[in-house]
Amino acid sequence: MPGPYCCHLPRCPFEREPAVVGSRWVLPRPVGEVAYATRTRADLLRHPSWHRLRPDLAPGDL
């Protein structure tokens, strides 16, 4: 499935399932874009800044 939804669930994740016929339950996996200056010796991001969500990418595309 394209987009930010990649993991199908076998059943409803809620205690009380909504009365929706033909529903498909998925886990959201949004992809975001973050810029940073460099990585530290401890492999942390230095000066990270959030840029945007990337609805055109799926987690497996990275």
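Structure summary
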{"item": "Given (1) in contact (Cβ under 8 Å) with a residue 12 or more places away in the chain; (2) of a type outside the set (Asp, Glu); (3) assigned to a loop (DSSP other than H, G, I, E, B), index of the condition residue 27 fails", "result": "(3)"}
{"item": "Residue satisfying condition, being free of Cβ contacts under 8 Å to residues at least 24 places away in the same chain and either surrounded by 10 or more Cβ atoms within 10 Å (Cβ to Cβ) or at negative phi (or both), within set 48, 59", "result": "48"}
{"item": "Enumeration of residues in segment 14-36 that are within 25 Å of residue 54 (Cβ to Cβ) and either in contact with a Ser or Thr (Cβ under 9 Å, 6 or more places away or on another chain) or surrounded by 10 or more Cβ atoms within 10 Å (Cβ to Cβ) (or both)", "result": "25, 26, 27, 29, 30, 31, 32, 33, 34, 35, 36"}
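Yes/no per residue for (1) among the polar types (S, T, N, Q); (2) at pLDDT 85 or above; (3) out of contact with any Pro (no Cβ under 7 Å at 6 or more places or on another chain):
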position	(1), (2), (3)
9	no, no, yes
14	no, yes, yes
29	no, no, no
39	no, yes, yes
42	no, yes, yes
48	no, yes, yes
53	no, yes, no
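The values are calculated or read from the model by the stated rules, or taken from the named source; none is laboratory data. Everything numeric in this text was worked out from a predicted model, so none of it was measured. As a convention, Cβ positions derive from the backbone with ideal geometry for all residues, glycine included, and neighbour counts pool all protein chains shown.
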